[in-house]
Each structure stands twice: as structure tokens, then as C-alpha cells.
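Contents: one structure, followed by commentary.
The values are calculated or read from the model by the stated rules, or taken from the named source; none is laboratory data. Values in this document were obtained by computation on a predicted structure and should not be read as measured data. Neighbour counts are summed over all protein chains in view; Cβ atoms, including those assigned to glycine, are modelled from backbone coordinates with ideal geometry.
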Amino acid sequence: MTSAHPNAPSPAPSRVSGGVIHIRTRQTSHFTVLANRLAQRAGSAVTVGVAAYILSLPDGAPITIDALCRHFAEGKTALAGALRELEAEGWLERRVERGPRGRIVTRTFAYDLPGAAAEPVAAAAPGLGATSEPDQGATGAPEPAVPSRSAPDPVPEAVDLLARLPHRDRRLLLSEREITALAPAVTDWLGRGAAPQEITEALTSGLPARLTRRPARLLAHRLSALRPPSRTAPPPEPDRPPVVPLQNCDGCDRAFRADRPGRCRSCRAAERTRRAA
């Protein structure tokens, strides 16, 4: 008979007769929270592993294919397929935004739970892995709220523009309250010199294949992130001197410029010469 070891930790009592038994440890740092929806996702284990890895990274960490290949043993094809699956299900989103000095960049956002409300991302945060890839992701995060307190009063043209967006994409049907909230931002665009066609194109082009939240949040984000610079009117042209009209010479019938009819310079000189003789 073996002797007992009083210093050995005793397993927690459990009524489970088979399968896994969890030994939980409370962690206060260096850990990542994963939703069961992701951790228990059926399908590729590579997709779950890539998602867990991305969610554990700090903001600004690169998540390009090359960066993932340096971490995982799988090849580019498997990792690219995992990213596509995560994007299609809303765990990842790529947004085309206007960066510093007007440069267009694509930022990738990772969500711990697609479709759930989240704290707004700070404006200075570069996001996860800004790349030059096309915007093909699905939206699911809250966007910056508009209008701000300093936003201009909405004009009827802005309200009409928002009301006509479903003609371009029927998913962009807005309620009266949403139109009222977005109209000041559209008015600001109009005040900066943007044409209505430009605003409509900015709000409707390149939309995700799937919208998991109300479209007003996506439109609010675009109105804030893609707001154009003010287009000042060109300076007025300087005053030009008046144009002297053309006259027909009474002597030789040639055209010359003068304020009143008469003779041209040559005819006047010839007449002075005859008089002097």
C-alpha cells in the first residue's frame, strides 16, 4: 500500500465521469478572452488558431500573410483561407480610409464578437495590420457618432440625398431619426464644396457584401473618415484694361484701333508730310 503525500494538491471534486475536466486558474494579465462562438467554431482548426492569435496581438501588430507565415507552420494558402473565413463571418473587417495627407489606406479591424457593441477605437490607433488590400470585409462595429455639437444645421439637399441612397443600394434604407442624425455631416460635406454625386459615391461604393448592423453606423463612419478638405473659391481675376475697338481708316480703309473713327497712324503721317511740303 502506497503512502499518501499530504503536500500534493488534491484534484477538485467533479461529478463528470468522462471527457475533459477543467482546472481553472484566475489570470490577471497576459491573457486573451475568446468567445465560445469562436473557440468552439466547427471547421478548420487553422481558422480558430489564426483568430485567437490575432485577438491576442496588440493594436498595430502586422497580420499580413507574410507575418502569419513567420509565426505559424502552415503555408500561405491555408492562412489566406483562414483570413477569408474570418472576414466572411465578421471576425475581421477591412476598411478603406483616408490617411495622413489624403493618402488612401486599408485598415484591418479584429472583433472579439461580430455584431456586438464595442468601445470606439481611438483616432490615433493604427488598427491591426494596415495593408493595401481591397475592402472586402463585413461591417459589424459601431462607427463614430454624427453629428457633433459644432455640426452645421442640415439643409434639405442633405436630407434628400440620404433619403435617395436606397436607389443606389436598397440596404441603405434609413429611418427618419437616422437621416436627421446624419444630415448635418452631409451638410458639412456640401459646405466644403463636395458635389452631391461625390457624396453619394463615397457612401455607396465598395460596401461590404454583408451588413450585420444598421447601415447608419457605416455611413457615419464614412462621413467622418473620408471628409474632404475645404475647397476654397479661386481668387477673382484681376481687372483687365478695356479693349480699344477697331476702326476703319477713312484714308486707306485699313483697320486700326482707336476710340473714335478717323485716319490710321500712317495716313496721318502722310497728311502731315504733304502739309509740310
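Checking Ser205, Ser266, Ser230 one by one, the residue that is within 22 Å of Leu190 (Cβ to Cβ), not assigned by TED's automatic domain parsing to the domain that holds Val186 and not acidic (Asp, Glu) is Ser230 and no other. Residues in the stretch 42-77 that are touching a Ser or Thr at 6+ places or on another chain (Cβ under 8 Å), farther than 23 Å from Leu211 by Cα and among the hydrophobic types (A, V, I, L, M, F, W, C): 2 in all.
Condition test on Leu79, is it assigned to a helix (DSSP H, G or I), among the hydrophobic types (A, V, I, L, M, F, W, C) and without any contact (Cβ under 8 Å) to a residue 24 or more places away in the chain? No, not satisfied. Checked against the criterion of being assigned by TED's automatic domain parsing to the domain that holds Leu162 and β-branched (Val, Ile, Thr), the stretch 233-245 has no qualifying residue.
Checked against the criteria, Ala209 counts as under 30 Å from Arg84 (Cβ atoms) and part of a loop (DSSP other than H, G, I, E, B). Going by the structure shown, is Pro241 in contact (Cβ under 8 Å) with a residue 60 or more places away in the chain and outside any helix (DSSP H, G or I)? Criteria not met by Pro241.
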